[in-house]
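Here the structure is laid out as structure tokens; the discussion comes afterwards.
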Amino acid sequence: MDYSQFVKKLQLPPGFAAPSELSFEDLVARAITRDDLSDDVRGINESIELIRRTRGGRWPEELVTEEFNYVDLVWHELEFRDGMSFTYVARKRDGGYLGCCYLYPMGRRRPLSEELVRHDVDVSWWVTPAAYADGDYHTLYRALRHWVAEDFPFEAPFYSNAEIPVD
């Protein structure tokens, strides 16, 4: 069967509320909001090549503006509220901006296939060049594995980044 035209909606139990804040070691992830606009624009624009190499995919295609990213952040807020996807801003415990992480329905980032349809969530993330140099890319991956296992109802996550750290 050809699944490539479909997106597999996240299956959440009745009454499930995604955590708005998660922590792991010295990292904190919070549901992204418009309040993160300036840090997010700066982080994306300084990280375009690293995002393409590590996260993969088509986004971002070019530098983002505050106007464009504002709309994107509102969209993320609404999707989070409605349980359609979950986007978090990742920071050091002291507030330093690291990047973002995403829990998306299968089929949104890459076409759904017979192999991918068995997964229930697409997990991806990116960090800034400074955070990558400090090892936070790997730490955020470990954090995501912990959070998905402990704080979400997913049983078969798919980590879709082009670069997956090796423990």
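Gly43 passes all but one of (1) over 20 Å from Glu163 (Cα atoms); (2) buried (at least 16 other Cβ atoms within 10 Å of the Cβ); (3) in contact (Cβ under 8 Å) with a residue 40 or more places away in the chain; which number fails?
Checking Gly43 against (1) over 20 Å from Glu163 (Cα atoms); (2) buried (at least 16 other Cβ atoms within 10 Å of the Cβ); (3) in contact (Cβ under 8 Å) with a residue 40 or more places away in the chain, the one that fails is (1).
Kindly check whether there is at least one residue in the stretch 15-25 that is open to solvent by less than 60 Å² (accessible area, probe 1.4 Å), more than 17 Å from Lys92 (Cα to Cα) and under 17 Å from the mean Cα position of the chain (by Cα).
Yes, because at least one residue in the stretch 15-25 is open to solvent by less than 60 Å² (accessible area, probe 1.4 Å), more than 17 Å from Lys92 (Cα to Cα) and under 17 Å from the mean Cα position of the chain (by Cα).
Quick one: which residue in Arg53, Arg81 is open to solvent by 10 Å² or more (accessible area, probe 1.4 Å), touching a residue at least 24 places away in the same chain (Cβ under 8 Å) and part of a helix (DSSP H, G or I)?
After applying the criteria, what remains is Arg53.
Out of the stretch 136-167, which residues are open to solvent by less than 30 Å² (accessible area, probe 1.4 Å) and of a type in the set (Gly, Ala, Ser)?
Matches in the stretch 136-167: Ala143, Ala156, Ser160.
Does the stretch 125-146 include one or more residues that are among the polar types (S, T, N, Q) and either farther than 27 Å from Arg42 by Cβ or in contact with a strand residue (DSSP E or B) (Cβ under 9 Å, 6 or more places away or on another chain) (or both)?
yes
For the stretch 86-115, what are the residues that are in a loop (DSSP other than H, G, I, E, B) and either under 30 Å from Gln5 (Cα atoms) or open to solvent by less than 20 Å² (accessible area, probe 1.4 Å) (or both)?
Pro105, Gly107, Arg108, Arg109, Arg110, Pro111, Leu112, Ser113, Glu114, Glu115
The values are calculated or read from the model by the stated rules, or taken from the named source; none is laboratory data. Here the structure is a predicted model, which is why all the values come from computation and not from measurement. A quick note on method: Cβ atoms are made from the backbone with ideal geometry, for glycine too, and the neighbour counts reach across all protein chains shown. Please note that ligands, DNA and RNA were not included when accessible areas were found on the heavy atoms of the full protein model with its side chains. Shrake-Rupley method; radii C 1.70, N 1.55, O 1.52, S 1.80 Å.
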